[in-house]
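Structure first, commentary second.
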Amino acid sequence: MADIKFEIIETLGVIGEGAKGWNKEVNLISWNGRAPKIDIRDWDENHEKMGKGITLSKEEAAKLLEILSEIK
């Protein structure tokens, strides 16, 4: 498996903390040198290990916000 390179460009916020002490975070991340995308996933305290997550373009994040804003 090839190494995955990432750079956290900006931490946008923490959604919550898991049982292992990892934080579920929203970050702007560049994966493998590509343009940064919005990323939601669990991270250890040193940002060395990560859990599974979701990566969204700005357009996808805007659509998600639209959908979530309709929840009653």
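The values are calculated or read from the model by the stated rules, or taken from the named source; none is laboratory data. For clarity, every value in this text was computed on a predicted model and none was experimentally measured. Reconstructed Cβ throughout: ideal geometry from the backbone, glycine too, with neighbour counts over all protein chains shown.
Considering only residues that are exposed (fewer than 10 other Cβ atoms within 10 Å of the Cβ) and of a type in the set (A, V, I, L, M), look in segment 1-19 and name the one that is modelled with the highest pLDDT.
4
Scan segment 38-54 and tell me whether some residue there is of a type in the set (A, V, I, L, M, F, W, C) and more than 11 Å from the chain's Cα centre (by Cα).
The initial filter retains those residues of segment 38-54 that are of a type in the set (A, V, I, L, M, F, W, C), namely 38, 40, 43, 50, 54.
Of the ones still in play, those that are also more than 11 Å from the chain's Cα centre (by Cα) are none.
So far as segment 38-54 goes, no, none of its residues is of a type in the set (A, V, I, L, M, F, W, C) and more than 11 Å from the chain's Cα centre (by Cα).
Taking residue 48, is it surrounded by fewer than 11 Cβ atoms within 10 Å (Cβ to Cβ) and outside any strand (DSSP E or B)? Spell out the reasoning first.
Working: surrounded by fewer than 11 Cβ atoms within 10 Å (Cβ to Cβ): yes; outside any strand (DSSP E or B): yes.
Considered against the rule, which asks whether it is surrounded by fewer than 11 Cβ atoms within 10 Å (Cβ to Cβ) and outside any strand (DSSP E or B), residue 48 comes out as yes.
Can you give me the number of residues within segment 51-65 that are in a helix (DSSP H, G or I) and of a type in the set (Lys, Arg)?
Result for segment 51-65: 2.
Restricting the search to segment 34-45, which residues are surrounded by 12 or more Cβ atoms within 10 Å (Cβ to Cβ), charged (D, E, K, R) and within 17 Å of residue 15 (Cα to Cα)? Working first, answer last.
Step one: list which residues in segment 34-45 are surrounded by 12 or more Cβ atoms within 10 Å (Cβ to Cβ), which gives 36-44.
Going one step further and asking which of them are charged (D, E, K, R), we end up with 37, 39, 41-42, 44.
Passing the criteria: 39, 41, 42, 44.
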